[in-house]
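One structure is given below, encoded as structure tokens.
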Amino acid sequence: MQDALTRFITSKQKQSISALTVKQLNQRISHFIERTHLEDVVDITSAEAMEYKDCLLEEGRSHKSNKDYLAAVSQFFKWSRLMQYTSVKWHSECGAKMLSTKVNNQSKVSVKE
């Protein structure tokens, strides 16, 4: 999976994207790779995607940060599909929308089918 990430980051660097954005994409997608322990892009399933959402919630980031992490991973898998590295459709595979709600003055992310 690291090879696909390297190619994705190289592609982003060639576009008109700021260095900070590229760095954040790399950091967030690397976080996903580390937490899921997957070896290849083709290995991802909707189960890993849902478990990763849970992982983000457990780590205590803000709703906005979790959303940014998921958006980065979504970009990576969209690019991976276009490059024919995988057939996974990140959002449609997961079949979920992230919704923000307030519970005891804390942001909470829930999944709605």
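Karplus-derived 3J(HN,Hα) values for region 40-50, using 6.51 cos²θ - 1.76 cosθ + 1.60 with θ = phi - 60°, are 9, 4, 5, 6, 5, 10, 5, 4, 4, 4, 5 Hz; glycine and proline are entered as x.
Considering only alpha-carbon pairs that sit under 8 angstrom and 6 or more positions apart, the relative contact order computed for region 1-71 is 32 percent. Restricting region 1-67 to chymotrypsin sites (Phe, Trp or Tyr not before Pro) that sit in a DSSP loop and have at most 10 other Cβ atoms within 10 Å of their own Cβ leaves nothing. For region 1-76, with all protein chains in place and a probe radius of 1.4 Å, 47% of the accessible heavy-atom surface sits on carbon or sulfur.
All other residues whose Cβ lies under 12 angstrom from that of ALA71 are scored, Lys and Arg at +1 and Asp and Glu at -1, for a net of +3. Amide H contacts of THR86 (H built 1.01 Å from N, in plane; Pro and chain starts excluded): ARG81 sit under 5 Å, all sequence-distant by 5 or more or on other chains. Sorting 43-49, 33-39, 66-72 by their mean Cβ neighbour count within 10 Å, with the most densely packed peptide first, gives 66-72, 43-49, 33-39.
The values are calculated or read from the model by the stated rules, or taken from the named source; none is laboratory data. Keep in mind that this is a model prediction, so the values were computed, not measured. Positions of Cβ are backbone-derived with ideal geometry, glycine not excepted, and every protein chain shown enters the neighbour counts. For the accessible areas, the whole protein counts, side chains as well, though only heavy atoms, and no ligand, DNA or RNA atoms are used. Shrake-Rupley method; radii C 1.70, N 1.55, O 1.52, S 1.80 Å.
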